[in-house]
Amino acid sequence: MAMVHWWMNWRMAAVPAAVALGLGLLTAQAGAVSAPLPTGATIPLPATTAAAEPDLAGTVVQDNVISFQIQNAAHTQVLCAGQLQNRVVRSTATQDMHFYYRFLPTVHRPEPRALVTHIERIETVFFSGVDPLRAAFRTDGLGVIPPNQVRRPYDNDVWFVFNSPGLTCGEGTRFFFVKTSGRGFKTVGEVRIFLTSGDMVLINNTLMPTAY
């Protein structure tokens, strides 16, 4: 960010139009950062990188890969099976905890093979007491597809939503995250994964923030 400020000061001293245009592009890129997520918010999920948001750099404290299955209401058929990566990172700059999620790509397809299902959203809970929250997805990491929207319908909940028709079961995603002001974490959180059909699975013992 110091470089951006240096260029801004130089611009104020009278620079050619071409330099001013370059400055505008640089400033726009630097502004692509995580978005505030107060209770009640529903916003497009922005993209970010560690270069644009230096406090994202940190140490991976715990990294879990969780296998899941979503069955129909009668529990007679597996509609979707996959793996969710759940990671907590301690920011080097702030010591705050950031909570990451990513669907891993998988070759598994439920039977019958003609069946294609889609994930509508992932709900994460126990985010109260560690405001302010911010959310985004990373473009400087693994994966291709991000969620399109993030919601905080209740103080405790953060939902990441995929636009219609949803994320095809088996497709991988980019890392998406919630940045908190918490300095600790526990492994007693919950995640709910919903298909567009309304069928869902509850995953216990996921990573959740604590104030200290």
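The values are calculated or read from the model by the stated rules, or taken from the named source; none is laboratory data. Keep in mind that this is a model prediction, so the values were computed, not measured. Because the Cβ atoms are built from the backbone with ideal geometry, glycine has one as well, and the counts that use them run over all protein chains shown.
Key figures for this structure:
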item	result
Odd one out for F137, checked against (1) under 13 Å from the mean Cα position of the chain (by Cα); (2) not in a strand (DSSP E or B)	(2)
Pair list, Cβ under 6 Å, 6 or more apart: the stretch 137-159 residue farther than 17 Å from P105 by Cβ and in contact (Cβ under 8 Å) with a residue 12 or more places away in the chain, other residue among the polar types (S, T, N, Q) and in a loop (DSSP other than H, G, I, E, B)	T139/T49; D140/T49; N148/N163; R152/T39; D155/T39; D155/S128; N156/S128
In the stretch 146-167, the residues that are in a loop (DSSP other than H, G, I, E, B), under 14 Å from I43 (Cβ atoms) and under 14 Å from the mean Cα position of the chain (by Cα)	P146, P147, N148, R152
Filter result for the condition that a residue is closer than 25 Å to R192 by Cβ, at pLDDT below 95, surrounded by fewer than 17 Cβ atoms within 10 Å (Cβ to Cβ) and not aliphatic (A, V, I, L, M), over T27, T76, T42	T76
From G143, G198, G170, residue being in contact with a His (Cβ under 7 Å, 6 or more places away or on another chain), outside any strand (DSSP E or B) and at positive phi	G170
Selected residue (criterion: farthest from V78 (Cα to Cα)) from residues of the stretch 178-195 that are surrounded by 15 or more Cβ atoms within 10 Å (Cβ to Cβ) and either modelled with pLDDT under 95 or polar (S, T, N, Q) (or both)	S181
